[in-house]
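To start, the structure under review is shown below, and the notes come after it.
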Amino acid sequence: MTTFRAGFVALVGPPNVGKSSLLNAVLGERLAIVTAKPQTTRSRILGILPRPGAQLLFLDTPGRHRGTRRLNEALNAVVEEVVRDCDVALLLVDRTVGWTEIHDELAGSLAARSAPAIVVGTKSDLPAAGDAPWPIPEAPVGWPAHAISARTGDGLEALLDAVAGALPESPALYDAETLTDRPVRWLCGEMIREAVFELLDQELPYSIAVEVRSFEEGGKHVRLRADLLVERDSQKRIVVGRGGSMVKRIGIRAREAIEAFLDRPVHLELFVKVDPGWPKSPRRIGELGYS
Ligand SMILES: Nc1nc2c(ncn2[C@@H]2O[C@H](COP(=O)(O)OP(=O)(O)OP(=O)(O)O)[C@@H](O)[C@H]2O)c(=O)[nH]1
Ligand SMILES: [Mg+2]
């Protein structure tokens, strides 16, 4: 009898290294939002990939970062939990940036629990990646290393083979149809947050949360109502924009992404609301699904 393997594969690394892009590339599905800004991902997102003889359960995580806000602490707690519980860890290094102190910390945690770990060099399609040394000199001795590009797909098959081979023998842990543990309506909320990150400048996106209030499937349309939560009135004015122009742009961009994801026409209504305490309240952070 051939052996079946299954287990949890952690995607960890500093913000912006390409964790969510790698998840989407291996699944062939835009499950996790991706933006040019660091600290986009705010939660653990499970993405399930069936392979011949294996089931790979990828866990995307928020970039591990420093910061004292309650939200940051919650995000780092997510990373710690995934590092502690995974069967294999992929430690991602942006090849155009190289190894950082955050990699030292994560490598230390992984070595302490002696989980199999693989160093993944990302963004190999960029010229600056080719100029940097490979394999990465600071990476722990003996850890396998794979250079990949989520953009072109280079290196992904070899990486997936290595990951599958490192998983424990186990029957499949989820049924074959399952793609993720996140509800569709929450994933739609994330696409609204992606538009927020793309259209608003500087620090403002970090103060914004999205709460989907209703998700109705009727006829061929999906009807979605969501709140954009900000911390202060001054932020609300910017997010609404002159005569509602900004919230309208966010709505148009988000609707297009959600329609592509659901493959159906979508009616989206957005409301901007002040919720001063949300990033400081563990209860709100949990309700919003950022944990
Ligand atoms: N050229 C190139 N860019 C990439 C690749 N992978 C990711 N990027 C870009 O890098 C940026 C960050 O990608 P993400 O996937 O959001 O990174 P992340 O590690 O999930 O970031 P956080 O969620 O903020 O921690 C985005 O602008 C991506 O388009 C790649 O293979 N090639
Ligand atoms: Mg991400």
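The values are calculated or read from the model by the stated rules, or taken from the named source; none is laboratory data. All figures in this text were calculated on a predicted structure; none of them were measured in a lab. Because the Cβ atoms are built from the backbone with ideal geometry, glycine has one as well, and the counts that use them run over all protein chains shown.
In the range 171-181 there is no residue that is closer than 30 Å to residue 50 by Cβ, of a type in the set (Gly, Ala, Ser), touching a helix residue (DSSP H, G or I) at 6+ places or on another chain (Cβ under 9 Å) and not assigned by TED's automatic domain parsing to the domain that holds residue 248.
No other residue among 71, 91, 49 is touching a residue at least 40 places away in the same chain (Cβ under 8 Å), crowded, with 23+ Cβ neighbours inside 10 Å and under 23 Å from residue 147 (Cβ atoms) apart from 91. The single condition from (1) buried (at least 19 other Cβ atoms within 10 Å of the Cβ); (2) farther than 16 Å from residue 17 by Cα that residue 144 fails is (1). In summary, residue 108 fulfils each of the numbered conditions (1) touching a residue at least 12 places away in the same chain (Cβ under 8 Å); (2) away from ligand 2 (no atom under 16 Å from the Cβ); (3) more than 14 Å from the chain's Cα centre (by Cα) with the single exception of condition (1). Those helices (runs of 4 or more DSSP H) of the range 111-208 in which at least 3 residues are among the charged types (D, E, K, R), considering only elements entirely within it, cover 184-199.
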